[in-house]
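Please treat every number below as a calculation from the coordinates, not as lab data. Model, not experiment: these values are computed from the prediction. Cβ sites come from the backbone with ideal geometry, for glycine too, and all protein chains shown count toward neighbours.
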Amino acid sequence: MADIIDGREYARKKREEAAHRTAALKEKGITPCLGLILVGEEPAGISYVAAKEKALLEAGMESRDIRLSRDVSEEEILTHVVRLNRDPRIHGILVQLPLPNHIREDRIIAAIDPNKDVDGFHPVSVGNLVLGKPGFLPCTPHGVLVLLEEIKIPVAGAHVVIVGRSNIVGKPLAQLFVRREINATVTICHTGTGDLRRHTCQADILVAAAGKAGLITADMVKEGAVVIDVGVNRISANNTKKGYRLTGDVDFDAVAAKASYITPVPGGVGPMTVAMLLLNVVSAAAQFADANCLGVSTSRNSNN
Ligand code: NAP
């Protein structure tokens with residue numbers, strides 16, 4: 001039976017680290033602040049933004065929340081992004097994704113000042129990630145790496161299979177795993193993968209990031225593998241107050257009987273994502289302080 005990885009516990013440690021670094025910055029007169037743009041009223045988006053704001057507040061940081069209606073124009077969103085770019089009180093900018101179909105996400109992301117790109121999705125951040133240079137790391141992939149580090153899973157030399165190739169999870173995670181200092185060997189699977197099971201069965205570390213409930217069944221997992229479930233799927237459940245429950249991409253009970261470690265959903269990768277965001281916001285504020293000679297000595301993006 002697998003050990004269940006308590007993401008909340010590891011995230012708590014990282015949030016405490018963010019709170020300490022925030023306190024040090026506040027002594028120098030800087031309160032790290034995140035500008036958040038949320039478009040539309042999707043319940044998932046609203047709850048993600050609320051969770052991020054609550055965590056920022058608990059760590060002593062601030063947020064400025066900009067809520068826009070679903071039919072907002074691209075130009076209007078860009079105007080807000082430019083304003084946040086120019087505002088010296090804002091150290092990080094996050095545009096909650098996904099955006100409505102009429103908005104070109106890449107255009108909005110490219111407009112964010114790379115020095116404030118705490119989500120790590122700007123082409124400059126992506127380039128730094130690929131080149132192995134310092135820069136903001138995307139929160140979910142970074143959170144997965146930190147979880148493995150915390151539970152001391154040997155990653156160097158391991159075969160990692162990632163199911164999903166999105167720009168925000170699968171691809172950046174693969175880039176992190178192949179960094180020389182991490183040294184894993186990576187297979188990326190997607191909907192064009194012929195025989196998914198053939199690949200997943202070879203994984204020492206299997207990461208499910210497809211957004212398909214129950215995609216990974218026990219027969220697709222090698223005995224003793226480490227299984228990281230990034231997926232978050234809403235399944236209707238009449239017996240719950242909200243009318244739904246959250247589940248990952250992994251058939252949890254059956255896979256847990258075979259794996260060595262497994263992350264639950266909720267309570268696995270999700271809390272790490274928020275914790276890594278907090279650390280990115282503190283790093284952005286510290287870099288702002290360094291750049292403006294405000295007497296805070298911190299290395300660039302020292303959480304990376
Ligand atoms: P996405 O953009 O929809 O990408 C999903 C990826 O999975 C795509 O590359 C897709 O392949 C692949 N895929 C889908 N069904 C597949 C199948 N049956 N077999 C093989 N590959 C399949 O999603 P995302 O933004 O990466 O998010 C993935 C999941 O993680 C979602 O459930 C999301 O809610 C969750 N998530 C969680 C966190 C967290 O903090 N826990 C953060 C971000 C995302 P193609 O490229 O071929 O379409």
Could you look through segment 92-151, keep only residues that are under 13 Å from the mean Cα position of the chain (by Cα) and among the small types (G, A, S), and pick out the one that is farthest from R15 (Cα to Cα)? G120
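Quick one: in segment 178-201, of everything that is outside any strand (DSSP E or B) and touching a Lys or Arg at 6+ places or on another chain (Cβ under 7 Å), which residue is nearest to N167 (Cα to Cα)?
Filtering segment 178-201 for residues that are outside any strand (DSSP E or B) and touching a Lys or Arg at 6+ places or on another chain (Cβ under 7 Å), the one nearest to N167 (Cα to Cα) comes out as H190.
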Output the residues belonging to segment 136-185 that are closer than 20 Å to I216 by Cα, among the small types (G, A, S) and more than 13 Å from the ligand (Cβ to nearest atom). A158
Of the residues that make up segment 217-228, is at least one within 11 Å of the ligand (Cβ to nearest atom) and under 21 Å from the mean Cα position of the chain (by Cα)? yes
Any pair with Cβ under 8 angstrom, 6 or more apart, that starts in segment 256-272 at a residue that is touching a residue at least 24 places away in the same chain (Cβ under 8 Å) and more than 9 Å from the ligand (Cβ to nearest atom) and ends at one that is in a helix (DSSP H, G or I) and of a type in the set (F, W, Y): I262/F252; P264/F252
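Within segment 229-275, count every residue that is of a type in the set (V, I, T), over 23 Å from the mean Cα position of the chain (by Cα) and either crowded, with 20+ Cβ neighbours inside 10 Å or closer than 20 Å to A50 by Cα (or both). Lay out the reasoning, then the answer.
From segment 229-275, those of a type in the set (V, I, T) are 230, 232, 235, 240, 247, 250, 255, 262-263, 265, 269, 273-274; that's our starting set.
From what's left, over 23 Å from the mean Cα position of the chain (by Cα): 240, 255.
Filter again for either crowded, with 20+ Cβ neighbours inside 10 Å or closer than 20 Å to A50 by Cα (or both), leaving 255.
Count: 1.
Looking at V144, V160, V178, which one is β-branched (V, I, T) and out of contact with any helix residue (DSSP H, G or I) (no Cβ under 7 Å at 6 or more places or on another chain)? If you could, list the steps in order and put the result at the bottom.
Values: V144 fails: out of contact with any helix residue (DSSP H, G or I) (no Cβ under 7 Å at 6 or more places or on another chain); V160 fails: out of contact with any helix residue (DSSP H, G or I) (no Cβ under 7 Å at 6 or more places or on another chain).
V178 is the lone residue from the list that is β-branched (V, I, T) and out of contact with any helix residue (DSSP H, G or I) (no Cβ under 7 Å at 6 or more places or on another chain).
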